[in-house]
Amino acid sequence: MSALEWFAHKPLGGGIFWIQERFYESGNRANIWLVRGSQRDLVIDAGLGLRSLPDYLRDAGLLAQPGGAGPRPLLAVATHVHFDHSGGLRHFEDVAVHGAEAAALLRGDNYEAVTWLSDRELARLPRPGWRARHFSVPPVRPSRLLQDGDVISLGDRQLTVMHMPGHSRGSICLHDQEHKILFSGDVVYDGSMIDWLPYSNISDYVVSCQRLMELVDRGLVEKVLPGHFNIFGAERLYRLASNYISKAGVCHKVSTCAMRSIASIALHLTNSRGTSS
C-alpha cells in the first residue's frame, strides 16, 4: 500500500491540515497536524509509521510552494513518545521531543512508548504478511530537545512549547498565542484523560490542568487541536481540565495505582517478545 492510500488529510485553513491514518481503526489513532509556515513547515506527531508520512506530504502536494519553489525545511515534533504518536518519527530527518523523553526515543524503549498494537485494529494491512506483533517503535535520535517556554518559529507563526506532564513525563502542548490555537497532544482531548500508564503522574496532571484553565481564563485559547478525536473550543477545554482536577482525589489515586500496575505488567510481557519493526 502506498503512502497516498494509507493517509488522508483535511485542510482547516490558515495553513493547517488534519491528517490521519485511514486504516488504523482504533481509539488510539492519533491526529497528525501539518502547520505550514513562511520559512518552515511543522508536523505535530507522526502516527505509527507504517507508511512514510513525508512521502505522503510530498505526493499529496502539501509541501509544494507557489511558483514551483522547493519545499521548506520540515520539522517533526512529538507531543510525547507513545507509539501512536512517535512510530513515524523515523521517516523524518529533523525531529524534536521534550528532553524528559529523549532517552526513551533514542533507545527505542517500547515500554515507555506504551507499544501495544493488535491485528484487529488494522482494517487493511500496510503490506502483505504484516502482523502487529512485528511492530515496534525504532530508535530515533532527536535533533532538538524541547523545554518549557521554547519557541518553534515557522517564520510567520510562532509556537510556544508548554511542558504538561501527567499523561506522560515528557508530554507537551504547542501554543499558537497569536491565533489562540492549542495543539494539545494527549494532555487533553475530548475523552477520558489517561493517567494510569507507567510514567503517568496524577499530581503533575493536576498542575497541567490548572495551566490549561489559566489559558482559558486569560483568553489565550479559542480552539484546541488534540492528539485524538475531534477539535473543540475553550469552554470544553476548561470543563475537561476542571473535571479532572475535581476527580483526582484519594479514591482515584488508589484505583489508578492498581491500573498502572496491571498496565505495567502487560506492557512488560508484550514488549519482551523481541519484536522488530
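Figures for the structure shown
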read-out: Leu53 open to solvent by 10 Å² or more (accessible area, probe 1.4 Å) and either within 20 Å of Leu225 (Cα to Cα) or touching a Leu at 6+ places or on another chain (Cβ under 6 Å) (or both); value: no
read-out: Residue ID - surrounded by the fewest Cβ atoms within 10 Å (Cβ to Cβ), chosen from residues in the stretch 32-43 that are under 13 Å from Leu225 (Cβ atoms) and touching a residue at least 60 places away in the same chain (Cβ under 8 Å); value: Trp33
read-out: So Leu182, is it under 19 Å from Ile19 (Cα atoms) and of a type in the set (A, V, I, L, M); value: yes
read-out: Only listed residue being closer than 30 Å to Arg260 by Cβ and under 16 Å from the mean Cα position of the chain (by Cα), chosen from Val43, Val95; value: Val95
read-out: Qualifying residue in the stretch 2-24 (condition: within 15 Å of Phe92 (Cα to Cα), hydrophobic (A, V, I, L, M, F, W, C) and in contact with a Phe, Trp or Tyr (Cβ under 6 Å, 6 or more places away or on another chain)); value: yes
read-out: Checking Gly70 against (1) on the phi < 0 side of the Ramachandran plot; (2) surrounded by 16 or more Cβ atoms within 10 Å (Cβ to Cβ); (3) over 16 Å from the mean Cα position of the chain (by Cα), the condition it does not meet; value: (2)
read-out: Criterion violated by Trp116 - all others in (1) assigned to a loop (DSSP other than H, G, I, E, B); (2) at pLDDT 95 or above satisfied; value: (2)
read-out: Residue in the stretch 203-224 that is under 16 Å from the mean Cα position of the chain (by Cα) and either under 18 Å from Ala102 (Cβ atoms) or surrounded by 23 or more Cβ atoms within 10 Å (Cβ to Cβ) (or both) present; value: yes
read-out: Residue ID - most open to solvent (accessible area, probe 1.4 Å), chosen from residues in the stretch 232-277 that are touching a residue at least 40 places away in the same chain (Cβ under 8 Å) and assigned to a loop (DSSP other than H, G, I, E, B); value: Arg273
read-out: Residue list for the stretch 54-66, filter: in contact with a strand residue (DSSP E or B) (Cβ under 7 Å, 6 or more places away or on another chain), assigned to a helix (DSSP H, G or I) and touching a residue at least 40 places away in the same chain (Cβ under 8 Å); value: Tyr56
read-out: Single condition Arg107 does not satisfy, out of (1) over 24 Å from Gln20 (Cβ atoms); (2) open to solvent by less than 60 Å² (accessible area, probe 1.4 Å); value: (2)
read-out: Some residue of the stretch 167-189 being free of Cβ contacts under 8 Å to residues at least 40 places away in the same chain and surrounded by fewer than 14 Cβ atoms within 10 Å (Cβ to Cβ); value: yes
read-out: The stretch 90-104, subset touching a Pro at 6+ places or on another chain (Cβ under 6 Å) and part of a helix (DSSP H, G or I), residue nearest to Ser171 (Cα to Cα); value: Ala102
read-out: Test: residue in the stretch 114-124 that is exposed (fewer than 15 other Cβ atoms within 10 Å of the Cβ) and of a type in the set (A, V, I, L, M); value: yes
read-out: Any chance Arg29 is under 23 Å from Val137 (Cβ atoms), of a type in the set (Lys, Arg), open to solvent by 10 Å² or more (accessible area, probe 1.4 Å) and touching a strand residue (DSSP E or B) at 6+ places or on another chain (Cβ under 7 Å); value: yes
read-out: Condition met for Glu21 (under 18 Å from the mean Cα position of the chain (by Cα), open to solvent by less than 20 Å² (accessible area, probe 1.4 Å) and without any contact (Cβ under 8 Å) to a residue 60 or more places away in the chain); value: yes
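The values are calculated or read from the model by the stated rules, or taken from the named source; none is laboratory data. What you are looking at is a predicted structure, and each value in this text was computed from that prediction instead of being measured. Backbone-built Cβ (ideal geometry, glycine too); neighbour counts: all protein chains shown. Quick note on the areas: whole protein, heavy atoms, side chains included, nothing else; ligands and nucleic acids left out. Shrake-Rupley method; radii C 1.70, N 1.55, O 1.52, S 1.80 Å.
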